[in-house]
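Peer 1: Structure incoming, see below.
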Amino acid sequence: MLCVRAPVATFFAACLLALMSYPAPVSAAEDKPKPQVLVTNVNVFDGKSDTLAEGMSVLVEGNLIKKVANGAIEVRDDATVIDGGGRTLMPGFIETHAHLMLMGPSIPAMETNSTWEDFAIHGTKMAEMYLMQGFTTVRDAGGANAGLRRAIDSGMIVGPRFYPSAAFIGTRGGHADFANFTAPVGQSTNFTRLNMAKEADSVADVQKFGRNNFRMGATQLKYMQSGGVVSAFDPWQLLAGSKAEIEAAVQVAKEYGSYVMAHSYRKEAIMTALNAGVKSIEHGFAFDCEIAELMKKKGAYITTNLTAFDPGLLDIPSIKNVPSSLAKAKSASAAFAGYIDNMKKCPVKRAFQTDCVGPVAACNIQIAYEKHLNNKFFGAHASLVTLTSTGGELVALSGDFMNPYREGKLGVIEDGAYADIVIVDGNPLKDFSVVGTGDKWFGAKPRPESPETIRIIMKDGKIYKNTL
Ligand SMILES: [Zn+2]
């Protein structure tokens, strides 16, 4: 071809010329009808309803759900037909707070010893694990840029739809400051070089790094307001970032039609974030009815890792053996004791979050346990909504330009939605464990590559697992 042989200097000119000279070939793919997959004989959980629609058929055409109907649906002769055998068809699960790149075991270890290959390979294996556990969408809450999504969406590797936040944005000494304790202010670190975390100490910094994140493929921004419960230095009570800095993050996100998710624990932090226009409160352990009121007014969501309320947290070696961490974890547990009751009293839109940092096998266990805790605290219906439609609404806040998946809705089974589907044995509204739960965290046995009760996993109309 002309453009391949042209010298570098004339490469683009020659290619452009070639493109202009020849009429565009008529694509055979355009004329070919989209493949049809018809699933018959299923009971449907649509992502919202508290009952199953029984005796349904679901037609997938290409990557979208074409039709959901009671009884038969007409299809072409070449359609693939799957008999669901009376099982439950539901939306693929949505994780709204993961860190696919962060393999642990600690922040200093990742800062000092990890190369980009370590992060990339871990991210690849995490993506595969998430999909095979039934998650067809994952929002990353810091550390991943666009590369992983490109690899997944091009089919090079297997994984869920992916919404990265690029670098965590936080203040010096805050929860996104992964520098060695003795590193001077502003010194480049492993995390800053790879655009996994950025130290932002002014409105100008927030604007610069926020915009750079979108340039690196972020679909939304992540701002670190509070400190950490487990981390060694930053107090969880920290109120990092001025109102102006948080507003600056929101303003940058708005330039891109997107939103900000904020890591916020204390009530003061949550209220500041919501008043600044933050749409997604992460953790939000101090949640109460006054916060619920403001969240509703602002159209905001909350995602909470319920493992934080597990008494076993205090037995984790990295907490138990580090007196400063143990003291922090104890004071946090006491401060956050009202969360579950308040959420039941004044429910708001709550999406699923696991927040695992660590080896793939350990995260697999933690995800299954997080599912279990959702059911234990809030019951099957609320947990199923959390795992599906609420997550779908939340990731769609990335807007008309930055959302990479704009053809259909996520987290619901309805005409026109993306064909992101799982079929499970039994009725998850009656027996929630069929979605792949685990009732133990530490000391749990390794989990299967994919739960046996999840019989079909489909993403974007493509089947990744089928044991029917
Ligand atoms: Zn997190």
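Peer 1: Kindly write out, for segment 187-192 in residue order, the coupling ³J(HN,Hα) from the Karplus curve 6.51 cos²θ - 1.76 cosθ + 1.60 (θ = phi - 60°), rounded to whole Hz, with x marking Gly and Pro.
Peer 2: Along segment 187-192, the couplings run 5, 6, 10, 4, 5, 6 Hz.
Peer 1: Can you compute the helix-only [θ] at 222 nm over the chain? Use -39500 (n - 2.57) per DSSP H run of at least 4 residues, normalise by all residues, nearest 500 deg cm²/dmol.
Peer 2: Working: 17 runs with 164 residues, N = 468.
Rounded to the nearest 500, the figure is -10000 deg cm²/dmol.
Peer 1: For segment 265-302, run through the chymotrypsin sites (Phe, Trp or Tyr not before Pro) and keep only the ones in DSSP coil with at most 14 other Cβ atoms within 10 Å of their Cβ.
Peer 2: Sparse-neighbourhood loop chymotrypsin sites (Phe, Trp or Tyr not before Pro): none present.
Peer 1: Roll a 1.4 Å probe over the protein chains and send me the accessible area per residue for the chain in Å².
Peer 2: Heavy-atom SASA per residue in the chain reads 43 Å².
Peer 1: What pairs in Lys66/Lys430; Lys48/Lys198; Lys267/Lys330; Lys328/Lys445; Lys254/Lys297 have C-alpha atoms more than 26 Å from each other?
Peer 2: Details: Lys66/Lys430 28 Å; Lys48/Lys198 38 Å; Lys267/Lys330 18 Å; Lys328/Lys445 29 Å; Lys254/Lys297 18 Å.
Long pairs (Cα-Cα over 26 Å): Lys66/Lys430; Lys48/Lys198; Lys328/Lys445.
Peer 1: As an exercise, use a Förster radius of 25 Å and the Cβ-Cβ distance of Asn466 and Asp118 to find the FRET efficiency, rounded to the nearest 0.05.
Peer 2: The value I calculate is 0.15.
Peer 1: Also, I was wondering about something else. Using alpha-carbon positions, what is the distance between the centroids of segment 96-172 and segment 421-462, in Å?
Peer 2: Between the Cα centre of segment 96-172 and that of segment 421-462, the gap is 22 Å.
Peer 1: Just add up the charged neighbours of Gly299: K/R +1, D/E -1, any other residue whose Cβ is under 11 Å from the Cβ of Gly299. Before the final figure, lay out the partial values.
Peer 2: Values: positive: Lys279, Lys296, Lys297, Lys298, Lys349; negative: Glu393.
Combined, the nearby Lys, Arg, Asp and Glu give +4.
Peer 1: What does the charge count near His263 come to, summing +1 for each Lys or Arg and -1 for each Asp or Glu among other residues with Cβ under 12 Å from its Cβ?
Peer 2: -1
Peer 1: Say a paramagnetic label sat at a point 7 Å from the Cα of Ala335, along Cα to Cβ; which residues of segment 231-245 have their backbone N under 14 Å from it?
Peer 2: 231, 233-240
Peer 1: In addition: With a sphere of radius 14 Å drawn around the Cβ of Phe191, what net charge do the other residues whose Cβ falls strictly inside it have (Lys, Arg +1; Asp, Glu -1)?
Peer 2: 0
Peer 1: Taking each pair of distinct Cα atoms in segment 363-456 once, what is the resulting Kirkwood hydrodynamic radius in Å?
Peer 2: Averaging 1/r across every pair of different Cα atoms and inverting gives 14.6 Å.
Peer 1: Can you work out D for segment 192-242 in µm² s⁻¹ from Stokes-Einstein, where Rh is the Kirkwood radius over C-alpha pairs, the temperature is 37 °C and the viscosity is 0.692 mPa s?
Peer 2: 270 µm²/s
Peer 1: Still on this structure: Restricting to DSSP loop positions (anything but H, G, I, E, B) with no more than 14 other Cβ atoms inside 10 Å of their own Cβ, which trypsin sites (Lys or Arg not before Pro) remain in segment 139-199?
Peer 2: Details: sites: Arg139, Arg149, Arg150, Arg161, Arg172, Arg193, Lys198; in loops: Arg172.
Those that pass, being in a loop and sparsely packed, are Arg172.
Peer 1: With a 1.4 Å probe and all protein chains left in place, how much of the accessible area of segment 386-468 comes from carbon and sulfur atoms, in whole percent?
Peer 2: C and S fraction of accessible area: 48 percent.
Peer 1: Tell me whether the chain comes out rounded, prolate or oblate; compute the Cα gyration tensor, take square roots of the eigenvalues as a ≥ b ≥ c, and use a/c under 1.5 as the rounded threshold.
Peer 2: oblate
Peer 1: Only helices at least 20 Å long along their own axis, judged from Cα atoms, and with Kyte-Doolittle mean hydropathy of -0.5 or greater: name those in the chain from DSSP H.
Peer 2: What comes out of the filter, once short or polar helices are dropped, is 116-132, 360-387.
The values are calculated or read from the model by the stated rules, or taken from the named source; none is laboratory data. Owing to the predicted nature of the structure, the values given are computational and were not obtained by experimental measurement. Note that we place each Cβ from the backbone using ideal geometry, even for glycine, and neighbour counts take in every protein chain shown. All accessible areas refer to the heavy atoms of the entire protein, side chains included, with ligands and DNA or RNA removed. Shrake-Rupley method; radii C 1.70, N 1.55, O 1.52, S 1.80 Å.
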